[in-house]
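Novice: I have a structure I would like to understand better, so I am pasting it below and will then ask my questions one at a time.
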Amino acid sequence: MYNVLFLTDRGARHQEAALRAAPAELKVTILRTPSFAEMLPELARADFIISERNQPVTAEMIAAAPNLKLIVRLGSLDYDIDRAAAAARNIQVVVQPVLGTLYCAEHALMMILACLKRLGRSLHAALHTAAPFSPQRGDEDTFSFNWLNFEDIGTLFGKTVSIVGMGEIGVELARLLRPFRLKAVLYNKRKPYPNHVEAELGAQFATLEECLRHADVLVSLLPYAPTTDYALGGGLTAERLRLLKPTACLVHLGSGSVVDETEVLHLLQQGKLAGAAFDTFEFEPLTEKYPLVLYARDPKHNLLLTPHTAAASAPESRADDYAAIMAYLAATQP
């Protein structure tokens, strides 16, 4: 039996899934954002450390783990793992991007483009709007460009995208945005990334208010906590949402209850927000009379809803969390 110390900032539901997926050869202890003192007894017996997303692995921790053989980072950034201390002990460090995170980042990019391009209206118009004149067979000189005379189709080029709640999904989204030649990617999180990470991502730290004021697209990836619950004064409250430009779009893939959906509707109805896209909601599942659903039924409103499906096709099992450990054991056991 091998001892695994699993460090995470995620809640009980995710922790239970990780424990269910653990191979029989591993005894897994999960600690949520522990102090060094809380970790110390587990470090003393740990053969492996799994650090999920943003849990640092310091030289002090490595020194306190005499049996440590391998460190696994679930995520794509490893700036907060002391590689020098690990290398001095011949401890391997494996960085393992999380597939569900990639799914979510792709979904966010899709929603950004769909909102800017007013895709819902165009799809509806192509299927349900009568032709304004007789069709003609196309060739290089015969075509009906923009036959419905839409004049408000947007582009990402030259725009500012603000990402609030900039964790692993935001990191992957920033990477996906690089080819679009944006004016800026701003981000907000509790603690800024180091300068070299910002340079790699092409992102710049800003306050929450600055992110809102400057955004052409605001991407909300805020996790739920009492400090981000809009009803408790955190997250995207009505007051903060009113900082957005009337030409801005809001895309939300963070936790439910961190965005004041009622205020989003008011801003859309008053022409003070150009569009919005939601994958997660304050109350789930959606119902026929849910206010966002009622408003989104008119494609002209540029409100796009998906039923919490950003990572829907990613593997549900968390067995891959342990893949690097099992590969290490297979390679080193006689």
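Novice: Name, by its number, the condition in (1) closer than 26 Å to Leu186 by Cβ; (2) in contact with a His (Cβ under 6 Å, 6 or more places away or on another chain); (3) not in a loop (DSSP other than H, G, I, E, B) that does not hold for Tyr295.
Specialist: (1)
Novice: Now for a separate question. Restricting attention to the range 234-249, does a residue exist that is of a type outside the set (Ser, Thr, Tyr), farther than 26 Å from Glu284 by Cβ and in contact with a strand residue (DSSP E or B) (Cβ under 6 Å, 6 or more places away or on another chain)?
Specialist: So far as the range 234-249 goes, no, none of its residues is of a type outside the set (Ser, Thr, Tyr), farther than 26 Å from Glu284 by Cβ and in contact with a strand residue (DSSP E or B) (Cβ under 6 Å, 6 or more places away or on another chain).
Novice: Out of (1) surrounded by 19 or more Cβ atoms within 10 Å (Cβ to Cβ); (2) outside any strand (DSSP E or B), the odd one out for Val72 is which?
Specialist: Just one mismatch for Val72, condition (2).
Novice: Could we say that Pro285 is assigned by TED's automatic domain parsing to the domain that holds Glu106, closer than 22 Å to Met110 by Cβ and surrounded by fewer than 19 Cβ atoms within 10 Å (Cβ to Cβ) here?
Specialist: So Pro285 passes the test.
Novice: Also, I was wondering about something else. Based on this model, can you work out whether Leu70 counts as at pLDDT 95 or above and under 24 Å from Leu305 (Cβ atoms)?
Specialist: Judged against the criteria, Leu70 is not a match.
Per-residue answers, yes or no, for (1) in contact with a helix residue (DSSP H, G or I) (Cβ under 7 Å, 6 or more places away or on another chain); (2) not aromatic (Phe, Trp, Tyr):
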{"position": "Glu284", "(1), (2)": "no, yes"}
{"position": "Pro291", "(1), (2)": "yes, yes"}
{"position": "Leu294", "(1), (2)": "no, yes"}
{"position": "His301", "(1), (2)": "yes, yes"}
{"position": "Thr306", "(1), (2)": "no, yes"}
{"position": "Glu316", "(1), (2)": "no, yes"}
{"position": "Tyr322", "(1), (2)": "no, no"}
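Novice: Also, I was wondering about something else. Any chance the range 318-328 includes a residue that's surrounded by 16 or more Cβ atoms within 10 Å (Cβ to Cβ), touching a strand residue (DSSP E or B) at 6+ places or on another chain (Cβ under 8 Å) and within 17 Å of Arg118 (Cβ to Cβ)?
Specialist: no
Novice: Right, something else. Quick one: would you say Ala276 is loosely packed, with under 15 Cβ neighbours inside 10 Å and among the aliphatic types (A, V, I, L, M)?
Specialist: Against the criterion (loosely packed, with under 15 Cβ neighbours inside 10 Å and among the aliphatic types (A, V, I, L, M)), Ala276 does not qualify.
Novice: Right, another one. Just need a number here: residues in the range 5-46 that are assigned to a helix (DSSP H, G or I), among the basic types (Lys, Arg) and touching a residue at least 40 places away in the same chain (Cβ under 8 Å).
Specialist: 2
Table: residues versus (1) without any contact (Cβ under 8 Å) to a residue 60 or more places away in the chain; (2) in contact with a strand residue (DSSP E or B) (Cβ under 6 Å, 6 or more places away or on another chain); (3) of a type in the set (Lys, Arg).
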site	(1), (2), (3)
Val57	yes, yes, no
Glu60	yes, no, no
Leu74	no, yes, no
Ala85	yes, no, no
Pro97	no, no, no
Gly100	no, no, no
Cys104	no, no, no
Leu113	yes, no, no
Leu123	no, no, no
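Novice: Okay, moving on. Looking at the range 75-148, what helices (runs of 4 or more DSSP H) fall wholly within it and have at least 2 residues that are in the same structural domain as His252 (by TED's automatic domain parsing) and touching a helix residue (DSSP H, G or I) at 6+ places or on another chain (Cβ under 7 Å)?
Specialist: Where helices (runs of 4 or more DSSP H) fall fully within the range 75-148 and carry at least 2 residues being in the same structural domain as His252 (by TED's automatic domain parsing) and touching a helix residue (DSSP H, G or I) at 6+ places or on another chain (Cβ under 7 Å), they are 99-116, 119-128.
Novice: I would also like to ask the following. Name the single residue that is nearest to Val94 (Cα to Cα) among those in the range 283-327 being modelled with pLDDT of 95 or more and among the hydroxyl-bearing types (Ser, Thr, Tyr).
Specialist: Among them, the one singled out is Tyr322.
Novice: Related question: Can you pull out the residues in the range 268-282 that are part of a loop (DSSP other than H, G, I, E, B) and either more than 20 Å from the chain's Cα centre (by Cα) or at pLDDT below 95 (or both)?
Specialist: Within the range 268-282, Gln270, Gly271, Lys272, Leu273, Ala274 qualify.
Novice: Another question, then. Does any residue of the range 28-36 turn out to be under 28 Å from the mean Cα position of the chain (by Cα), buried (at least 18 other Cβ atoms within 10 Å of the Cβ), more than 23 Å from Gly165 (Cβ to Cβ) and at pLDDT 95 or above?
Specialist: Taking every residue of the range 28-36 in turn, at least one turns out to be under 28 Å from the mean Cα position of the chain (by Cα), buried (at least 18 other Cβ atoms within 10 Å of the Cβ), more than 23 Å from Gly165 (Cβ to Cβ) and at pLDDT 95 or above.
The values are calculated or read from the model by the stated rules, or taken from the named source; none is laboratory data. Just so it is clear, the model here is predicted, and its values are computed rather than measured. Here Cβ is always computed from backbone atoms with ideal geometry, including for glycine, and neighbour counts include all displayed protein chains.
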